[in-house]
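Data block below; observations after.
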Amino acid sequence: MSIVTAPATGPGDAPAAGGPGSPALPDSPWRATWRRLWGDRGSRTALIAAALLILVALTAPLLSRMGGWSPTAFDADAIDPYLGGLPHGALGGISAEHWFGVEPVTGRDLFARVVHGAQVSLLIAFSATAIVVVTGTAAGIAAGYFGGRVDTVLSRLMDLTMSFPSLIFMIAMMSVAQDVNRVVLMTVVIGVFGWPGIARVVRAEALSLRHREFVEAARSCGTGPWRILTQQVLPNISGPVIAYTTLLIPGMISTEAALSFLGVGVRPPTPSWGQMIAEAVAYYETDPMYFIVPSAFLFVAVLAFTVLGDALRDILDPQGGRP
């Protein structure tokens with residue numbers, strides 16, 4: 001009877017990675033988040049739709065050139081002047097030349113205007129969201145960590161901003177400011193009134209973290225407030241901030257569309273989904289495609305980012321931002 005002995009291992013030897021005796025390497029938080037997000041069918045669909053919309057916005061000039069029309073070019077041959085400028089053909093003039101049809105009266109290509117409208121809407125939404133997140137996170141983390149007078153002043157400022165009739169002020173500002181870049185003005189105005197919501201979420205998280213052991217240890221070692229905020233507190237509230245940020249985007253898209261629909265947003269000939277829907281109201285019976293196409297893009301954008309934001313909130317902030 002022979003005895004088989006295992007090879008000796010030195011003190012520096014370790015089991016091979018992935019072997020039967022080696023522990024499984026844990027996923028990083030972001031990899032686990034991605035796996036859960038991609039594993040859910042609804043979240044995966046929303047993520048793909050949001051990514052496609054962002055791609056459309058980034059490549060809008062290229063897509064309009066592929067379609068053969070710019071968003072401001074008129075095509076008089078595509079409309080019938082004897083029928084009040086309605087498009088030739090069925091479904092709003094959809095053809096090999098005009099993929100989504102044309103606008104009544106003007107004959108402008110609807111595909112070119114929709115993809116450029118995506119660029120304008122998402123640019124305003126993302127820029128305003130960035131202003132909101134940076135301002136709100138800074139105010140909330142300062143109020144929650146420092147407390148005292150800083151918390152009192154910032155909290156009262158949050159209450160004042162949230163109680164202000166922001167929509168009325170937005171309409172008034174957009175109506176009065178005539179010779180200003182409308183995209184920049186809309187971004188700033190929307191961003192100024194949106195920060196208190198995320199500031200309150202961040203403040204609640206910072207309040208729960210400022211007396212935690214690792215923060216107290218850093219403070220007792222003489223670490224300054226700036227390093228504690230950036231290296232200890234901020235990384236621990238990044239999950240709720242990311243989840244809240246994703247949920248902000250559909251609201252920003254809707255706000256931009258609403259202001260443009262009311263006629264105080266982006267001015268023609270710059271395309272916008274809200275502006276196109278407002279102009280299409282007069283033609284929804286005679287040319288329903290003019291109303292359906294921009295409405296469908298707006299609906300898909302808001303729905304995709306809402307579903308994506310809900311999924312990220314459930315993964316990254318299951319307690320809903322409660323301390």
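Semi-axis lengths, largest first, of the ellipsoid equivalent to region 142-190 are 31, 12, 7 Å, with √(5λ) applied to each eigenvalue of the Cα gyration tensor.
The Rg/Rh ratio of region 178-323, with both radii computed over alpha carbons and Rh defined as the Kirkwood radius, is 1.16. For the chain, adding -39500 (n - 2.57) for each run of n ≥ 4 DSSP H residues and dividing by the number of residues yields -20500 deg cm²/dmol at 222 nm.
Per-residue accessible area (protein heavy atoms, 1.4 Å probe) orders SER155, SER163, SER95 as SER163, SER95, SER155, starting from the largest. Each part gets one Cα centre, and for region 156-220 versus region 57-120 those centres are 39 Å apart. Residue ranking by accessible heavy-atom surface, 1.4 Å probe, largest first, among ASP310, ASP77, ASP151 comes out as ASP77, ASP310, ASP151. Evaluate the Debye formula for region 47-101 with equal point scatterers sitting on the alpha carbons, no solvent, and hand back log10 of I(q)/I(0) at q = 0.14, 0.18, 0.28, 0.29 Å⁻¹, in q order, two decimals. Debye output, listed in q order: -0.50, -0.71, -1.09, -1.12. When the chain is treated as a GNM, springs tying every alpha-carbon pair under 10 Å, which of ILE48, ILE253, ILE198 comes out with the largest mean-square fluctuation? For the chain, modelled as a Gaussian network with Cα springs under 10 Å, the answer is ILE48.
Taking a ≥ b ≥ c as the square roots of the eigenvalues of the Cα gyration tensor, the chain is oblate, since a/c reaches 1.5 or more and a/b is not larger than b/c.
Short-range pairs are left out: with C-alpha atoms under 8 Å and at least six residues apart, the relative contact order of the chain is 21 percent. Of the residues LEU123, PHE299, ILE228, the one whose Cα sits farthest towards the positive end of the charge dipole of the chain is ILE228 (charges of +1 on Lys and Arg Cβ, -1 on Asp and Glu Cβ, taken about the Cα centre).
Name the helices (complete DSSP H segments) of the chain with a Cα length along the long axis of 18 Å or more and a Kyte-Doolittle mean of at least -0.5, or state none.
Numbers: long enough: 41-58 (26 Å, 1.68); 110-146 (53 Å, 1.54); 148-163 (23 Å, 0.26); 195-209 (21 Å, 0.65); 238-261 (34 Å, 1.08); 288-316 (41 Å, 1.63).
Flagged H segments are 41-58, 110-146, 148-163, 195-209, 238-261, 288-316.
Of the Cα atoms belonging to region 251-302, the radius of gyration and Dmax stand at 10.4, 31 Å.
For region 60-87, the residues whose backbone nitrogen is under 15 Å from a point 7 Å from the Cα of ALA96, taken along Cα to Cβ, are 67-68.
In terms of solvent-accessible area of protein heavy atoms at a 1.4 angstrom probe, what is the ranking of ASP314, ASP75, ASP159, highest value first?
Highest to lowest solvent-accessible surface, that is ASP314, ASP159, ASP75.
Exposure check, 1.4 Å probe, all protein chains in place: PHE305 carries approximately 10 Å² of accessible surface.
With the highest mean first, a sort of the peptides 126-137, 278-289 on other beta-carbon atoms found within 10 angstrom per residue produces 126-137, 278-289. Only one residue of VAL153, PRO87, VAL133 has its Cα farthest out toward the positive end of the dipole of the chain, where Lys and Arg carry +1 and Asp and Glu -1 on Cβ, and that residue is VAL153. Given a 1.4 Å probe and every protein chain left where it sits, what share in percent of the accessible area of region 184-234 is carbon and sulfur? The computed percentage sits at 60.
Residues of region 239-277 with the amide nitrogen closer than 19 Å to a label point 7 Å from the Cα of ALA296, along Cα-to-Cβ, please. From region 239-277, the list is 272-277. Expressed per residue, the C-alpha convex hull volume of region 78-177 stands at 151 Å³. Each residue was assigned an accessible area with a 1.4 Å probe, and for LEU312 the value is about 20 Å².
Solvent-accessible area of LEU83, all protein chains in place: 110 Å² (probe radius 1.4 Å, heavy atoms, ligands and nucleic acids excluded). The relative contact order of region 24-167, computed from alpha carbon pairs under 8 Å that lie at least 6 residues apart in sequence, is 18 percent.
Rounded if a/c is under 1.5, else prolate if a/b beats b/c, else oblate: with a ≥ b ≥ c from the C-alpha gyration tensor eigenvalues square-rooted, which is region 167-234? Prolate, since a/c reaches 1.5 and a/b exceeds b/c.
Beyond 16 Å, the tail of the calculated P(r) for region 208-272 holds 62 percent of the Cα pairs.
The values are calculated or read from the model by the stated rules, or taken from the named source; none is laboratory data. This one's a predicted model, so the numbers in the text were calculated from it and none came from an experiment. No Cβ is skipped: glycine too gets one built from the backbone with ideal geometry, and neighbour counts run over all protein chains shown. Accessible surface areas use protein heavy atoms only, side chains included; no ligands, DNA or RNA. Shrake-Rupley method; radii C 1.70, N 1.55, O 1.52, S 1.80 Å.
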